[in-house]
1. Hey, among Asp221, Asp254, which residue is under 27 Å from Ser465 (Cβ atoms), in contact with a strand residue (DSSP E or B) (Cβ under 9 Å, 6 or more places away or on another chain) and without any contact (Cβ under 8 Å) to a residue 40 or more places away in the chain?
2. Please list, ordered by residue number, the strands (runs of 3 or more DSSP E) wholly in the stretch 126-223 having 3 or more residues that are charged (D, E, K, R) and surrounded by fewer than 23 Cβ atoms within 10 Å (Cβ to Cβ).
3. Which of the following residues is more than 25 Å from Thr403 (Cα to Cα), out of contact with any Cys (no Cβ under 6 Å at 6 or more places or on another chain), at pLDDT 95 or above and of a type in the set (Val, Ile, Thr): Val50, Val125?
4. With respect to the numbered conditions (1) over 16 Å from His287 (Cα atoms); (2) at pLDDT below 85, which one is the sole condition not fulfilled by His319?
5. Would you mind telling me which numbered condition in (1) hydroxyl-bearing (Ser, Thr, Tyr); (2) at pLDDT 70 or above; (3) part of a loop (DSSP other than H, G, I, E, B) Tyr409 fails?
6. Can you tell me which of (1) surrounded by fewer than 19 Cβ atoms within 10 Å (Cβ to Cβ); (2) over 32 Å from the mean Cα position of the chain (by Cα); (3) part of a loop (DSSP other than H, G, I, E, B) is the one Ser476 doesn't meet?
7. Have a look at Cys605, Cys611, Cys577, Cys647 and point out the one that is modelled with pLDDT of 70 or more, surrounded by 14 or more Cβ atoms within 10 Å (Cβ to Cβ) and farther than 30 Å from Asp339 by Cα.
8. For residues that are aliphatic (A, V, I, L, M) and either surrounded by 14 or more Cβ atoms within 10 Å (Cβ to Cβ) or closer than 17 Å to Ala593 by Cα (or both), scanning just the stretch 542-574, find the one that is modelled with the lowest pLDDT.
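The values are calculated or read from the model by the stated rules, or taken from the named source; none is laboratory data. Please read these numbers as outputs of a predicted model, since none were measured by experiment. Ideal geometry is used to build each Cβ from the backbone, glycine not excepted, and the neighbour counts take in all protein chains shown.
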Amino acid sequence: MNTKHIIVAATVLFLAHGCTTTGPEPEVGVHRAMLSTSCTYPATLEITPVNIGQGNATIIATPSKIVLADTGESYWNSHADAITIDSVLTAKYGCRVLDHVVISHLQVDHIGYVGYGGLWHLANVLDYTIGETLLRDYTANVGTTSGTYDNWVAYLETPEALAKLNPRITAPGETIDLGSGIVMTITNVDTRTTACPDGWGSKPDLSCGGAYVWPSEVLGDHRLDTVVPSENDYSIGFVVSVGDFDMYIGGDTDGETEDSGYGTKTHDVETNVGLEIGEVDILLVNHHGSDHSTNSTFVALLDAAVAVISVGNANTFGHARQTVIDRLLTVVDGAPTRDTWIYMTERGDDGVGGCLKDYEKSVEAAANLYGRATIVSDSDGDYCTVEGGDVDIVVSADGSTYTVEGDTYISSAGSGSSVCDLDGVCESGESCMTCPSDCASSPGASCGNGVCEAGNGEDCLSCPSDCNGKQNGKTSGRFCCGDGDGVGPVGCSDSRCTTDGSSCEASPVASSCCGDGTCSGLESGLTCELDCEAPPFCGDGTCDPGEEPCTCSADCGAPPSFELAGATCTDGADDDCDGLADCADDDCFSDPACAPPACDGDGVCEPGEDCTTCPGDCDGLSTGKPSGRFCCGDGTAQTAEGDGSTCDGHF
């Protein structure tokens, strides 16, 4: 596999300016009458991060759907980047039809300015047909604002916007079937993830990003706070998957929790996202390479083979920051140690940072890490390659391979599954994530679903769209349905919480995903036999014979969170239900019974020895091309080991 390194520069915060109701007449490259009435769809999944300078726009096309993620403009009063996006879409697919538009957040370099460019221009001037526009909950959760934000909030309530954009709020865990086994899964919205549904800092065990903070310092309206959360924190992120292929696209999702000292604070959402989605093949680098994002933990968890950075030339922010490039390559002592290929849409800052720093030992690193004698360089002879323009990504039908700018990669075995036969039955290998047409899911508590889920912490303040309330006027007349916040808090038993067709749920609502191996939420043997046994089934409230915590926590209670050294490390069971029993589980590392055998130095690679723990006995090669690496005794049969002769059968 070839290996390139490229950089890109990052995002601009745009100041508010006045807005007109109509923009200038565009120079439209393809006249409406010249376009086909239907799209010419690709044979397989195609993803194109479009070069629009200092902004984001990514086209995702499948054999039956077209999605546009962000529609940014480099300048607030321009429609030039909308014209660029249109020219790519019409040239590739011959139509102005978008089944889904995803706007990560309300900043001009991701949505454009009302009355001028971006999404407004596509819908109102170029007359795009848009199936739906997915947005974050921009009125319930407010941090830093701008003219872009204020004008879009106002515009989205107009009949014109409702008719042309079909806007709606999305939530973590939502899956969208793009056909042909291709699935788009929303991973983070408004700092929420499926594991952290109440957003950053919402759990006392610190699993949601930082010190327990409640009321939330990110959810809710914080415009009057002394220090407000960054609009970037609220970005929508999602994964596009088919088979073993996965790509993460996350807008300006932040990766550090830090008070800027200028009235704005960022929050580490990336780590929560990385823990949930795990390994991907391609990462569209968050926030154009800003050092507020793409933290080291996130990079390690995603372990992407390819990183794409969308950036504009000569930007004033120094994007992509050298620290981000170093994290992506995991630079140690001046030399990269991670086999990541970095592509960029433009050169970026032209001198402030990025790839303009010469790495020490770059030639040595190239030879040792990539099996190459030299590195392809830019004109300055630097370590990274600079390639401007759109980045064309084509994925094979089964997701096993993909090409980026003509270079072919083998997909990693991620969370995706190529098994989706669309027969209406959730079967082994399928799940609500990879085959939503066959495997049902329930998002659990979700603001915007029409139910005031008081048992999950919703109330008229945190979710006014679902929970009735009145917080103005005379104090005696105020009330707030939900879990107890606001003036005059009332529970679901109050009739005001269920009037006008409203619903209120006092008991906690759990999320569920048929095919994930866990009987949870609204699942039972009747709704998801793959996860829950047939009657008497898991979910009936009785721990029946044959049921146990690992297979039916709903009836038999939750399993322990880890294996206990000295107690369960030798019982032959997977006590904590993580798929690893006894000494195979890292929890048992300290148990004497699990100590690895000593390296006896007899020249024979025996069970318990491998090329790392006993290199004298077990052969291995950890450098050079990935296809040529192997490690005898590590339990994995690599390509270089062939029929077993290289390792004498000791895989």
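1. On the way: Asp221 fails: without any contact (Cβ under 8 Å) to a residue 40 or more places away in the chain.
Of the residues listed, the single one that is under 27 Å from Ser465 (Cβ atoms), in contact with a strand residue (DSSP E or B) (Cβ under 9 Å, 6 or more places away or on another chain) and without any contact (Cβ under 8 Å) to a residue 40 or more places away in the chain is Asp254.
2. Counting at least 3 such residues, we get no strands (runs of 3 or more DSSP E) at all.
3. Val125
4. (1)
5. With (1) hydroxyl-bearing (Ser, Thr, Tyr); (2) at pLDDT 70 or above; (3) part of a loop (DSSP other than H, G, I, E, B) applied to Tyr409, the lone miss is (3).
6. Ser476 satisfies all of (1) surrounded by fewer than 19 Cβ atoms within 10 Å (Cβ to Cβ); (2) over 32 Å from the mean Cα position of the chain (by Cα); (3) part of a loop (DSSP other than H, G, I, E, B) except (3).
7. Cys577
8. Taking the stretch 542-574 first, the residues aliphatic (A, V, I, L, M) are 554, 558, 564-565, 567, 573.
This time we only want the ones that are either surrounded by 14 or more Cβ atoms within 10 Å (Cβ to Cβ) or closer than 17 Å to Ala593 by Cα (or both), so: 554, 564-565, 567, 573.
Numbers: Ala554: 71, Leu564: 64, Ala565: 56, Ala567: 62, Ala573: 75.
Filtering the stretch 542-574 for residues that are aliphatic (A, V, I, L, M) and either surrounded by 14 or more Cβ atoms within 10 Å (Cβ to Cβ) or closer than 17 Å to Ala593 by Cα (or both), the one modelled with the lowest pLDDT comes out as Ala565.
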